[in-house]
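Data block below; observations after.
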Amino acid sequence: MLRSIRGGSGTLDFSRALQTVEALFARRDRPWALAGAAALSAYGLSRATQDLDFIAELEVQEELVEGLEAVGYRTLHRSAGYSNHLHADAAGGRLDFVYVRGETSRRLFEACRTSSFSGRPVRVPRPEHLAAMKVQAMKNDPDRRLQDLADVRFLLGLPGIDEEEVRGYFERAGLLRDFHEIKRSD
């Protein structure tokens, strides 16, 4: 079970935040999926988190950001690949989005599975795609390395995972040494 962290002014209400995001995506009928700790929980890894992470198509970014701001979220960062949003009310929480396009978008969303999160059916990427996001996060922010390596180690232990595909993500990111470190520790 995914656990939230209680902050000084309250706790992220996963159900409320998820409902907000669902409503914004329902307007466009475009695919989206959970990522981060919430998606990992669908595969059995429970850990504390203070935010919700999502994947969306780049084409919806403008409308999504406007919609989040209209319901009280402040945009903390926005680039072509990412956006981060924080609600003044802690129950609204922090929402982080990864944006994908083209072939990456098609492959990722076609392979998603449905899981339950906060009592709602949601789409989550296959484990290999979650590992790819973890690898990219490590490349972009080396301070995340230890937690992300632990998450990838967990994913590599799932039955049926394509280890060579995951290895390829490490190799393309120039982090093959980290992949070998995970394999040595098994």
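Using only the alpha carbons of segment 97-174, what is the convex hull's orientation-averaged projected area in square nanometres?
On the way: hull surface 23.9 nm².
The Cα convex hull of segment 97-174, projected and averaged over all directions, gives 6.0 nm².
If you average the C-alpha positions of segment 63-95 and of segment 19-58 separately, how far apart do those two centres end up, in angstrom?
Between the Cα centres of segment 63-95 and segment 19-58 lies a distance of 14 Å.
Send over a whole-number figure in Å² for the accessible area per residue of the chain, probe 1.4 Å.
Numbers: 9400 Å² over 186 residues.
Ligands and nucleic acids excluded, the figure is 51 Å² per residue.
By how many degrees, between 0 and 90 and to the nearest 10, does the Cα long axis of helix 176-185 differ from the longest principal axis of the chain?
Roughly 70 degrees between the two axes.
State the antiparallel share, in %, of DSSP beta bridges confined to segment 1-125, rounding to the nearest 5.
70 percent
Please report the net charge: other residues with Cβ closer than 11 Å to the Cβ of ARG30, K and R +1, D and E -1. List each step's numbers first, then the result.
Details: positive: ARG27, ARG28; negative: ASP29, GLU57, GLU59, GLU63.
With Lys, Arg at +1 and Asp, Glu at -1, the net is -2.
Just checking my list (1) 16.2; (2) 18.0; (3) 16.9 against Kirkwood radius over Cα pairs in Å computed from this structure; which label fits?
(3)
Return the calculated 222 nm mean residue ellipticity for the chain, to the nearest 500 deg cm²/dmol, obtained by summing -39500 (n - 2.57) across DSSP H runs with n ≥ 4 and dividing by the residue count. Could you put the intermediate results ahead of the total?
Numbers: 8 runs with 85 residues, N = 186.
Result for the chain: -13500 deg cm²/dmol, rounded to the nearest 500.
In a shell of Cβ-Cβ distance under 14 Å around GLU63, excluding GLU63 itself, what net charge do Lys and Arg (+1) and Asp and Glu (-1) give?
Around GLU63, the surrounding residues sum to -2.
From Cα pairs below 8 angstrom and at least 6 apart in sequence, can you work out the relative contact order of the chain, rounded to a whole percent?
Working: 278 pairs, mean separation 36.0, N = 186.
Value for the chain: 19 percent.
Per the 1.4 Å probe, what fraction of the accessible area of the chain, in percent, lies on carbon and sulfur atoms? Walk me through the intermediate numbers first.
Values: 4480 of 9400 Å².
That fraction is 48 percent.
Across bins of 10 angstrom width beginning at 0, how are the C-alpha pair distances of segment 49-111 distributed, in whole percent?
Cα pair-distance distribution for segment 49-111, in percent: 22, 51, 23, 4.
The values are calculated or read from the model by the stated rules, or taken from the named source; none is laboratory data. Just so we're clear, the structure is a prediction, and the values are computed from it rather than from any experiment. Cβ: placed from backbone, ideal geometry, glycine included. Neighbour counts: every protein chain shown. Protein only, heavy atoms only, side chains kept; ligands, DNA and RNA dropped before computing areas. Shrake-Rupley method; radii C 1.70, N 1.55, O 1.52, S 1.80 Å.
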